[in-house]
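Here's the structure, in structure tokens; my notes come after.
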Amino acid sequence: MSELERYRAKIDEIDRQLTKLFEERLHIVNDICQYKINNDLPVENQKREEEVVNKNIQYLDNKGYSEQLKRFFYHTIEIAKQVQYKKVREHKAKNSLSHNTVSSDITHLNIGYYGVEGSFSEEAMLKYFGGVKHAKNFVEFEDVFDAIKNGEIDYGVVPIENSSTGTISQVLDLINNRGLYINGETVLKINQHLIGIQGTNLDSINEVYSHPQGFEQTSEFLRSYRQWKLTPFHSTADSVKLVAELNDPTKAAIASQRAAEIYNLNIIKENINNKTGNSTRFFIISKNLIANDTCDKISVVFSLEHKAGTLYHLLRHFAENDINMMKIESRPQEFGNWKYLLYVDFEGNIEEARVNKALGLIQQGCEYFRLLGCYKQCDLLD
């Protein structure tokens, strides 16, 4: 046996031991997941993950391998979470459809939305839920998701897609990474206006505030005023609030008519959208999979290897089971170069046999799969 062969034999033996330990670890992961299901605990625990990684680095004799071991354990933890999410999804799919739906009595619910009073997200909340007794606003997208995870609110309302500028990828990733579910959707017609205090006009303005989406949706109008400084802010309504507080005729905001009315400001220029039919779709999210037999839309995410034929082999299951795909979008995975997550929206209900068959085949063909929601699709605006 050559020296290289002896090295390879040692590697083979180590791999055999690793495989047995890996299998044993996943058995325990399944037991932990069942405990979490029984006690309504979240899959993810960032503090625990960091403890596992840091503790095992201390066991190294050669600390020069610290970075490699860190990556090894983060990958191992990610696999464990995928196993748990699959188990949770199967549990909820069996137990949720028969009795869960968004409650018609919302007086006791705590509902959160992105932005301040007057934001488009608040309008979407009022459109979807009607009168809301306990509403709370949040400055950042992450804040809405954190509030749901820690039980501060029951539902969150966040924008997901604009007809002019496309998907808000950060929100899409947060839904998946935080382990939350889509319970519903609604669409608002979005009219953006240039807003300022009394005395502000087009000639006096030198700085404009808005959410980046507000700037993107009005880019054609703004090209005529390249001398203006465009300053991104938390949300469109936050921008109006800031302009009101600054009380400066050289400052303006891009936002809704309702925001202008709430903060008692003037509309300097109406309807400055690039498109007259500008609209935004919003998701209603929670930490539970909530569905019933009236739901007709499903959202899923699964991994996609950067190899020839992978996309076709996974997506053909939709066509073969006569399922209409409504949207498809890829996003890079957090770990691993040239690996992607594919987000797909399609028509159907998870009680349907054809849907379960297609999803089962897709799940078999990818490393990661997660059901993001089964909900009632809204009528899209013209």
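The values are calculated or read from the model by the stated rules, or taken from the named source; none is laboratory data. Quick caveat: nothing in here was measured; it's all calculated off a predicted structure. Positions of Cβ are backbone-derived with ideal geometry, glycine not excepted, and every protein chain shown enters the neighbour counts. The accessibility values were calculated without ligands, DNA or RNA, using every heavy atom of the protein model including side chains. Shrake-Rupley method; radii C 1.70, N 1.55, O 1.52, S 1.80 Å.
In whole Hz, with x marking every Gly and Pro, tabulate ³J(HN,Hα) for the range 111-121 from phi via Karplus 6.51 cos²θ - 1.76 cosθ + 1.60, θ = phi - 60°.
Taking θ as phi minus 60°, the curve returns 10, x, 9, 7, x, 9, 4, x, 6, 5, 5 Hz for the range 111-121.
Which lysines have a Cα less than 24 Å from the Cα of Lys251, not counting those fewer than 8 places away in the same chain?
Of all the lysines, those that pass the test against Lys251 - Cα under 24 Å, at least 8 places apart if same chain - are Lys229, Lys241, Lys269.
With θ set to phi - 60°, apply the Karplus curve 6.51 cos²θ - 1.76 cosθ + 1.60 along the range 271-288 and write out the HN-Hα couplings as whole Hz, x wherever there is a Gly or Pro.
6, 9, 4, 5, 10, 5, x, 4, 8, 10, 9, 10, 9, 9, 10, 7, 8, 10
Return the whole-Å distance between the Cα centroid of the range 229-297 and the Cα centroid of the range 44-82.
Between the Cα centres of the range 229-297 and the range 44-82 lies a distance of 41 Å.
How big, in percent, is the set of alpha carbon pairs in the chain lying more than 38 Å apart? Mind dumping the intermediate values first?
On the way: 22752 of 72771 pairs.
Percentage above 38 Å: 31.
Restricting attention to the range 128-234, which trypsin sites (Lys or Arg not before Pro) occupy a DSSP loop and are surrounded by at most 15 other Cβ atoms within 10 Å?
Lys133, Arg226
What FRET efficiency comes out for Asn266 versus Lys47 if R0 is 41 angstrom and r is the Cβ-Cβ distance? Round to the nearest 0.05.
Working: r = 49 Å, r/R0 = 1.19.
Rounded to the nearest 0.05, the efficiency is 0.25.
Of all GluC sites (Glu not before Pro) in the range 238-298, which ones are in loop regions per DSSP and have a Cβ with at most 15 other Cβ atoms within 10 Å?
Details: sites: Glu245, Glu261, Glu270; in loops: Glu270.
Hits after loop and neighbour filter: Glu270.
When the accessible area of the chain is split by element with a 1.4 Å probe, what percent falls to carbon and sulfur? Before the final figure, lay out each step's value.
Working: 9660 of 20070 Å².
For the chain, the apolar C and S fraction of the accessible surface comes to 48 percent.
Under 5 Å between amide hydrogens, which residues at least 5 positions from Ser164 or on another chain qualify, with H placed 1.01 Å from N in the peptide plane?
Counting only residues 5 or more places away or on other chains, the set is Ser279.
Find the accessible area per residue for the range 187-335; the probe is 1.4 Å, ligands and nucleic acids are left out, and the unit is Å². All intermediate terms of the calculation are to be shown ahead of the outcome.
On the way: 7090 Å² over 149 residues.
Accessible area per residue: 48 Å².
Taking 19 Å as the cut-off for C-alpha to C-alpha distance, list the pairs among Lys20/Lys339; Lys47/Lys70; Lys327/Lys376; Lys297/Lys357 that go past it.
Correct reply: Lys20/Lys339.
For a quick check, take a GNM of the chain with Cα springs below 10 Å and name the residue from Ala319, Ala255, Ala244 with the largest mean-square fluctuation.
Comparing Ala319, Ala255, Ala244 in a Gaussian network model of the chain, the most mobile one is Ala319.
With only Lys, Arg, Asp and Glu charged, each at its Cβ (+1 for the first two, -1 for the last two), find how big the charge dipole of the range 248-382 is about the Cα centre; round to the nearest 20 debye.
On the way: 16 positive and 17 negative charges, 75 e Å.
The dipole of the range 248-382 has a size of about 360 debye.
At R0 = 25 Å, how high is the FRET efficiency between Asp248 and Arg226 if r is their beta carbon distance? Nearest 0.05 is fine.
Step by step, r from the Cβ atoms, then E = 0.75.
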